[in-house]
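Please read the structure below before turning to the comments.
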Amino acid sequence: MKLNLSKKIIFFLLVMTGFTTVLNAQTVNDALAAFNKGVELSQVDNFDEAIASFKSAIEIFNQVEPENENKPKAEEQILVVLYKKASTQLKEKKYDDCLSSFQSLVDYSTTYNNDKYLKRANGAIPKVYYAKGKEQFDAKKYDEALVALNKSIELDPNYATAYIRKAQVFDETNKPNEFKETIDKAMDVAIQANDAKSEDIAKQLAGNFFLRNGADAMKAKKYDNAVNHFKNLLNYKEGDSEIHYQLAAAYNKLSKWDDAIAAANKSLELFKEQGTTKDARIYFELGNSYVGKEDNAAACDAYKKANKGDYAPQAKYQIETVLKCQ
């Protein structure tokens, strides 16, 4: 009786072992089928269903064979599909959807300990915020643009292009102080990164901003503002005769004769178009400065040098009628 019972038990165990083996083989096959389905779906850019298939494969592997060599492959495929999905959304300018996909990539990369895709996602997200900010800037939605650009800078403080675009927002909204602070930061970041291209773009943008605002201030007879703009301009365009000429003209309007004389002389020192009559206007401003200082001899000398080209009539009037120069 005992012998028969033992045989039955052994037979039952053998049957169950065989059944379990068959069950496990089927389950692993199901996992592989889900994996292959995910590959097929990803190839036709059916991203969400592909990810769902790979996740299903991982769940099955976890239940029946956690050490199966295909489980890490399924995990990596989720990251591959998410990256492809986010990149597609970026090309389509679906920025919010793209950010959501890259954030999912960050989460899954962290879960699966994949530094490669974690680095890719974290590197891409600031650029997506920049692209979103640029689109809003182009649409003249400046407040929204600043939100996106600030987020880009927050995530990547060394992203010179984002600072440059942010400075353009302040340019368009005519905020000189904010513009200068931001464009200076753009230049600092570009210099530290040896990014000569971004540094040049920042300098050119700053130069155009302060030159334009200085000229506008002169037209509006806001001479103190003009001086400030032109002095700021010197930080970005060194060795420029035109800037010093504009400063001389502004200082003359403010009756700051010594400053005007220094600016005019610096403009002449930097003047590079010898043989032309274009320096006449500089000498004319210099003559005006000396008149203000009541130094008629120096004024006459300057006006005589201005007596050419377009400035000849004005200079001649000063020489012959006003000062009666010898």
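The values are calculated or read from the model by the stated rules, or taken from the named source; none is laboratory data. For clarity, every value in this text was computed on a predicted model and none was experimentally measured. No Cβ is skipped: glycine too gets one built from the backbone with ideal geometry, and neighbour counts run over all protein chains shown.
Things worth noting here:
- Asn252, sole failed condition from (1) over 35 Å from the mean Cα position of the chain (by Cα); (2) surrounded by fewer than 16 Cβ atoms within 10 Å (Cβ to Cβ): (2)
- Within segment 170-197, the set of residues being buried (at least 22 other Cβ atoms within 10 Å of the Cβ) and among the aliphatic types (A, V, I, L, M) comprises Ile183, Ala186, Met187, Val189, Ala190.
- Qualifying positions in segment 77-91 - of a type in the set (D, E, K, R) and crowded, with 17+ Cβ neighbours inside 10 Å: Lys85
- The residues of segment 270-291 that are surrounded by fewer than 17 Cβ atoms within 10 Å (Cβ to Cβ) and closer than 25 Å to Asp224 by Cβ amount to a single one, Leu270.
- Annotation note: Cβ proximity below 9 Å between a residue of segment 115-126 that is of a type in the set (Asp, Glu) and a residue that is surrounded by fewer than 20 Cβ atoms within 10 Å (Cβ to Cβ) (sequence gap 6+ or interchain) occurs for no pair.
- Screening segment 277-325 for helices (runs of 4 or more DSSP H) wholly inside it with 1 or more residues that are more than 23 Å from Asp259 (Cα to Cα) and aromatic (Phe, Trp, Tyr) returns the ranges 312-317.
- Check on Tyr283, under 47 Å from the mean Cα position of the chain (by Cα) and within 30 Å of Asn177 (Cβ to Cβ): no
- Qualifying residue in segment 241-249 (condition: in contact (Cβ under 8 Å) with a residue 40 or more places away in the chain and of a type in the set (Gly, Ala, Ser)): yes
- Any hit, segment 87-101, residues being closer than 12 Å to Ala131 by Cβ, acidic (Asp, Glu), within 27 Å of the chain's Cα centre (by Cα) and outside any helix (DSSP H, G or I): yes
- Checking each residue in segment 109-118 for being in a helix (DSSP H, G or I) and surrounded by fewer than 20 Cβ atoms within 10 Å (Cβ to Cβ) picks out Thr110, Thr111, Asp115, Lys116, Leu118.
- Long-range neighbours under 7 Å by Cβ, at least six apart or interchain, first residue touching a residue at least 24 places away in the same chain (Cβ under 8 Å) and on the phi < 0 side of the Ramachandran plot within segment 131-151, second among the β-branched types (Val, Ile, Thr) and crowded, with 16+ Cβ neighbours inside 10 Å: Phe137/Val169; Tyr142/Val169; Ala145/Val169
- For Lys132, the test of being surrounded by 17 or more Cβ atoms within 10 Å (Cβ to Cβ), under 22 Å from Ala160 (Cβ atoms) and either aliphatic (A, V, I, L, M) or in contact with a Leu (Cβ under 9 Å, 6 or more places away or on another chain) (or both) is passed.
- Residues (surrounded by 19 or more Cβ atoms within 10 Å (Cβ to Cβ) and assigned to a helix (DSSP H, G or I)) located in segment 224-243: Ala226, Val227, His229, Phe230, Asn232, Leu233, Ile243
- Out of Asn174, Asn194, sole residue that is on the phi > 0 side of the Ramachandran plot and modelled with pLDDT under 95: Asn174
- All conditions in (1) under 22 Å from Arg281 (Cβ atoms); (2) modelled with pLDDT of 95 or more; (3) loosely packed, with under 15 Cβ neighbours inside 10 Å hold for Arg212, with the sole exception of (2).
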